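In what follows, a structure is listed as structure tokens, so that the remarks can point back to it.
The values are calculated or read from the model by the stated rules, or taken from the named source; none is laboratory data. Everything numeric in this text was worked out from a predicted model, so none of it was measured. Every residue, glycine as well, gets a Cβ built from its backbone with ideal geometry; the counts of neighbours run over all protein chains shown.
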């Protein structure tokens, strides 16, 4: 059974119920085949209403990123100049890493409507339903030593935060090192994975997940207390093309600035957007847990933590709990 013919039938009767008998007659298929095809369409993001007496009605169709439109708008020099678009993937991060190994140019971008095995920091899974967020990974080839890699994570968080604040006017802030929050709830995750040789970075794959148009029903119950989306927070739907366009433009500008002037300007911008500084928090590290007050970034990208005895300790990797 051709799902395009079925969709055309519903679109020709926009907003109306179409009986199973009528569909069966027009398409020459059984009621069981109709039901199975509608289930498949629902899994692909279409929404139907079923009535035992009236039949089926198409309520909404899935949103797709207009990649051609996005490419035509792009004003960047190299970020996003090559875009690979997919309906469903396990992880855009896997695709970008494979492409980087094969020599993909810096700025090559991978976007998917849905990830079935999206991941965040510490190997956590990431909720990335079809057609409602921005799930993307990009290849970077920075000419910096490997120990500067954490700086790129912070730079990416700054670029995303600045672009989203400008687009939405929402009070978005950065929780160290790279989570974007609105009123304490997470809207984005950033994961940078790198490959190095002779103490130099061969490439970095930057994965970004942005919860754009997710509804509360898209989140598992245990995540609702700590996760949100631009749509939930603002009460309106956002064009994902705008989100990607504004982010890539800001990201490239800061990336070029970083390569020309170093990490100093990024530190200033990150600290201005941080929601972590000056608030006592518990940090969980492989060496143990401790409590301290984040007071700023150092030149390497580590967070400077003031301990209870007044000493300051740089921390490169840790899980930062809620302020205490």
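Is it the case that residue 15 is buried (at least 16 other Cβ atoms within 10 Å of the Cβ), in a loop (DSSP other than H, G, I, E, B) and at pLDDT below 90? I'd like the intermediate steps shown before the answer.
Numbers: buried (at least 16 other Cβ atoms within 10 Å of the Cβ): no; in a loop (DSSP other than H, G, I, E, B): yes; at pLDDT below 90: yes.
It is false that residue 15 is buried (at least 16 other Cβ atoms within 10 Å of the Cβ), in a loop (DSSP other than H, G, I, E, B) and at pLDDT below 90.
What do you reckon, is residue 251 assigned to a helix (DSSP H, G or I) and modelled with pLDDT of 90 or more?
Numbers: assigned to a helix (DSSP H, G or I): yes; modelled with pLDDT of 90 or more: yes.
Yes.
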For region 121-129, check the following and say yes or no: at least one residue is in contact with a strand residue (DSSP E or B) (Cβ under 9 Å, 6 or more places away or on another chain), buried (at least 19 other Cβ atoms within 10 Å of the Cβ) and at pLDDT 90 or above.
no
If we take region 42-120, then strands (runs of 3 or more DSSP E) inside it with 2 or more residues that are farther than 20 Å from residue 209 by Cβ, in contact with a strand residue (DSSP E or B) (Cβ under 6 Å, 6 or more places away or on another chain) and outside the structural domain of residue 195 (by TED's automatic domain parsing) are 47-51, 55-60
Restricting to region 220-240, count the residues that are part of a helix (DSSP H, G or I), in contact with a helix residue (DSSP H, G or I) (Cβ under 8 Å, 6 or more places away or on another chain) and surrounded by fewer than 17 Cβ atoms within 10 Å (Cβ to Cβ).
1
If only one of 111, 23, 65, 34 is in contact with a helix residue (DSSP H, G or I) (Cβ under 9 Å, 6 or more places away or on another chain), buried (at least 17 other Cβ atoms within 10 Å of the Cβ) and closer than 30 Å to residue 320 by Cα, which one is it?
111
Restricted to region 254-298 and to residues being touching a helix residue (DSSP H, G or I) at 6+ places or on another chain (Cβ under 8 Å) and without any contact (Cβ under 8 Å) to a residue 24 or more places away in the chain, the residue farthest from residue 180 (Cα to Cα) is 257
